[in-house]
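Visitor: First the structure, then my questions, so here it is.
FYI, it's all coordinate maths here, none of it is from the lab. Here the structure is a predicted model, which is why all the values come from computation and not from measurement. Using ideal geometry, Cβ is built from the backbone for each residue, glycine included, and neighbour counts are taken over all protein chains shown.
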């Protein structure tokens, strides 16, 4: 069976990839990042000075950490910062501080000693501790207190220090950093920028016509212009979008990107002298990587037209990944430290340097984001969901799930029959998967994924209730069965036509018998009441004989447990956790949806009003949207946090049912949920060796599990994927991406203020 699963994965996803695609996948680029960084860190100590060349490497390493979450990368940069005492040049005698070129400790104001502050600020933002930025503040604020404006007299300084200014603004809130940033940039621009060519000279020594190439042309050094484009990229990533100088940086970025692109060689690289390739011919990696980084960001951010720049980007990345990158992870063809294109200088596959590796990492990290953006949000969702579902469904379709599933139990497991894990895994997975599988077949790659999963699921449903099957689930021997039978029932409610109706009559009767038999279990006086109600509601829809008392008493009790502002209590006592997400809100709503035909009849079923229930869930969904951080994380609190993205189920359900409140647009909800999915599942850390979810919240963290938790429980994470039940051409998927509430708030944009929801004014948020 394992071979069948692997063959299916190969057919649908490609080897080591999430999908068959002519270009590499984001996961494959992450593999490149790990290969390059692994090689560098294995072969180079982090006990080195904080001068520009090593500091450039660390700007790339921090990007790699923020993308992958690899703790070794974080520790490498943190160890480097500690070794350097969180300083650049270390002199404490301000009277001796210099800003011209120099490598000793008194050149504190020289930009090549200030770039280290970028990494220190990044480390501070991960864990705010004042000592990390104390020296940066001392140096930069002393510098800003002087009347000088000519600190950046060579183009490298733009990359070395411009991002320092935006990062220090972010961590301090001191707008003076942005004022001085513009002042210093304007000076540098005035002495090095050539308006005709749209490029930067390295410094005033290279101004035309006093300096020319051997061919009589203007001499623009690739790495120098790479520093400029990368500097503008970093500034635009962090400066408030409505800042009075932001458009100036955007205009210079776009013009520079256009000029740079015109100089690319057919092989994808840029020669060291950009307008005279014959002056210093052959490939060079550092400049090429910096250009690729900036151009991909430009497309990702919408500043550059994809159609125009995509060919440039693809050629550049092909060179970087196929020529510059060596088989062992070394990055070659990096011009040594210098300031110009040097005729006759040998640059080959063994030419590797710290700053060039840092530039390569910047480009590779942006490449991941570029590929994800080009694939589209829906592609990310379907690939992740397929990756979750395929090992489970391929096995249960063959009756081999209980044989092959790599089971993980809580270290504090309470001793219940571990076979409950398989029902948890199957039921919860199908509850999240059902809407997607309900879409009609088509010949797209997504359609093929969906068709394969549905075929496996239908066979799995049959095996789950067949006493002769090795995968007959634990229906009769454990009270936990009630919980996950409810998720099976919920999957039928969510995919009635596609998943219930095609089942043969014997299988249907077996389900009705198993569901009816669960009435022997008295539910806990908590959200468990809804498990009985969900099962009985399904029986009503399927033409069985429901126990209306179980439905009515549950609905009345849940209504009684409403505490206000969109929240229900989980039993008589309120608990601040995500059980409103995992069960209460969705199941209460879906029971009423079936019983009232979506509010069209019997609005007063058990004194519960369908429209009121929707409004409460809308308020709760709004709160969930507000909880999603600009980085795509959400707060970790309460029990069962191992259910991961299941915490966002009501927001996903509202989107799928087209019931989002007015204050939440489809574009912002999709963007917010995509950010979370990418953050949590983009690097594969939440899967074990056999492709099943692993115990933890974001990675293998077994001690986050409760006594009842196994890795089958974790498939509640699929409940965030409900909007995949909307077709690809639905506005949820086609609407332009938008910033969500916290992203707007933290980036200085206007955002709507929040209001409490009052039941007495049920039609409005006040």
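Visitor: Using only the alpha-carbon atoms of region 277-400, report the extent along each of the three principal axes, biggest first, to the nearest angstrom.
Guide: That works out to 67, 35, 21 Å along the principal axes.
Visitor: OK, next. Quick check: the angle from helix 222-238's long axis to the longest principal axis of the chain, C-alpha only, nearest 10 degrees?
Guide: It is inclined by approximately 40 degrees.
Visitor: Also: Stretched out fully, how many nm does the piece from residue 759 to residue 318 gain, at 0.36 nm a residue minus the Cα gap?
Guide: That pair, residue 759 and residue 318, stretches by 152.9 nm at full extension.
Visitor: May I pose another question? So how much slack lies between residue 150 and residue 601, counting 0.36 nm per residue of separation and subtracting their Cα-Cα distance, in nm?
Guide: Full extension of this stretch gives 154.9 nm more.
Visitor: Specify the angular offset, from 0 to 90 degrees and rounded to the nearest 10, of the alpha carbon long axis of helix 2-13 from the longest principal axis of the alpha carbons in the chain.
Guide: That helix lies at roughly 50 degrees to the long axis.
Visitor: With a Förster radius of 56 Å, plug the Cβ-Cβ distance of residue 217 and residue 745 into 1/(1 + (r/R0)^6) and report the FRET value to the nearest 0.05.
Guide: 0.70
Visitor: So, one more: I need 692, 758 ordered by Cβ neighbour count within 10 Å, fewest first.
Guide: Starting with the residue having the fewest Cβ neighbours, the order is 758, 692.
Visitor: Largest first and in whole Å, give the semi-axes of region 29-112's equivalent ellipsoid, each being the square root of 5 times a Cα gyration tensor eigenvalue.
Guide: 29, 12, 10
Visitor: I'd like to know how region 519-650 sits against the 2.2 N^0.38 Å rule of thumb: what's its Cα Rg over that expected value?
Guide: In units of the 2.2 N^0.38 Å rule of thumb, it is 1.07.
Visitor: Quantify how much of the Cα-Cα distance distribution of region 377-761 extends past 35 Å, in percent.
Guide: Above the 35 Å cut-off, region 377-761 has 19 percent of its Cα pairs.
Visitor: What FRET efficiency do you get for residue 45 and residue 103 if R0 is 25 Å and r is their Cβ-Cβ distance, rounded to the nearest 0.05?
Guide: So the FRET efficiency works out to roughly 0.85.
Visitor: Right, another one. Could you give the C-alpha radius of gyration of region 184-237 expressed as a fraction of 2.2 N^0.38 Å, taking N as the number of residues it contains?
Guide: Relative to the 2.2 N^0.38 Å estimate, region 184-237 comes out at 1.17.
Visitor: Further question on the same structure: Once label points are set 7 Å from the Cα along Cα→Cβ at both residue 207 and residue 501, what is their separation, rounded to one decimal in nm?
Guide: Here the answer is 7.8 nm between the modelled labels.
Visitor: Further question on the same structure: Can you classify region 608-662 as rounded, prolate or oblate using the Cα gyration tensor, where a ≥ b ≥ c are the square roots of its eigenvalues, rounded means a/c under 1.5, and otherwise it's prolate if a/b beats b/c and oblate if not?
Guide: prolate
Visitor: Now for a separate question. Would you mind listing how long region 70-129 runs along its three principal axes, going by Cα atoms, in whole Å with the largest first?
Guide: Between the extreme Cα coordinates on each principal axis of region 70-129 lie 39, 19, 16 Å.
Visitor: Also: Answer rounded, prolate or oblate for region 460-586, using the Cα gyration tensor with square roots of eigenvalues a ≥ b ≥ c: rounded when a/c is under 1.5, else prolate when a/b is larger than b/c, else oblate.
Guide: prolate
Visitor: Using 7 Å Cα-to-Cβ label points, what is the residue 575/residue 195 separation (nm, one decimal)?
Guide: Each label point lies 7 Å from its Cα, and together they span 6.9 nm.
Visitor: Return the calculated 222 nm mean residue ellipticity for the chain, to the nearest 500 deg cm²/dmol, obtained by summing -39500 (n - 2.57) across DSSP H runs with n ≥ 4 and dividing by the residue count.
Guide: My calculation for the chain gives -16000 deg cm²/dmol from helical runs alone.
Visitor: Once each part is reduced to its C-alpha centroid, what is the distance from region 599-665 to region 452-517 in angstrom?
Guide: Using only Cα atoms, the two centres lie 27 Å from each other.
Visitor: Based on the Cα atoms of the chain, what semi-axes does the equivalent ellipsoid have, where each is the square root of 5 times one gyration tensor eigenvalue, given in whole Å with the largest first?
Guide: 55, 28, 23
Visitor: If you don't mind, another one. Let me check the size of region 32-375 from its C-alpha atoms; what are the radius of gyration and Dmax in Å?
Guide: Considering region 32-375 through its Cα atoms, Rg and Dmax are 18.7, 55 Å.
Visitor: What angle, in degrees between 0 and 90 and rounded to the nearest 10, separates the Cα long axis of helix 131-144 from the longest principal axis of the Cα atoms of the chain?
Guide: Between the helix axis and the principal axis of the chain, the angle is about 40 degrees.
Visitor: Given that compact globular proteins tend to follow 2.2 N^0.38 Å, what is the ratio of the alpha-carbon Rg of region 365-432 to that value?
Guide: 1.50
Visitor: In which sequence would 138, 372 go, from the one with the fewest C-beta neighbours within 10 Å to the one with the most?
Guide: Going from least to most buried by this count: 138, 372.
Visitor: Taking neighbour Cβ counts within 10 Å as the exposure measure, how do 330, 94 sort from fewest upward?
Guide: By the 10 Å Cβ count, ascending: 94, 330.
Visitor: Once the piece of chain linking residue 735 and residue 516 is laid out straight, how much longer is it, given 0.36 nm per residue of separation minus the C-alpha distance between them?
Guide: 74.5 nm
Visitor: Tell me the Kirkwood radius of region 190-327: reciprocal of the mean inverse pair distance over distinct alpha-carbon atoms, in Å.
Guide: 15.3 Å
Visitor: Oh, and also: In whole Å, largest first, what are the principal axis extents of the Cα atoms in region 101-237?
Guide: Sorted from largest, the Cα extents of region 101-237 read 54, 31, 24 Å.
Visitor: Once a ≥ b ≥ c are taken as the square roots of the eigenvalues of the Cα gyration tensor of region 403-453, is the result rounded (a/c under 1.5), prolate (a/b larger than b/c) or oblate (a/b not larger than b/c)?
Guide: Note, shape of region 403-453 comes out prolate.
Visitor: Could I ask something else about it? Just the projected area, averaged over all directions, of the convex hull on the alpha carbon atoms of region 441-490: how many nm²?
Guide: Mean projected area for region 441-490: 4.4 nm², to one decimal.
Visitor: Compute the separation of the alpha-carbon centres of region 283-347 and region 689-744 and state it in Å as a whole number.
Guide: When both Cα centres are located, 35 Å separates them.
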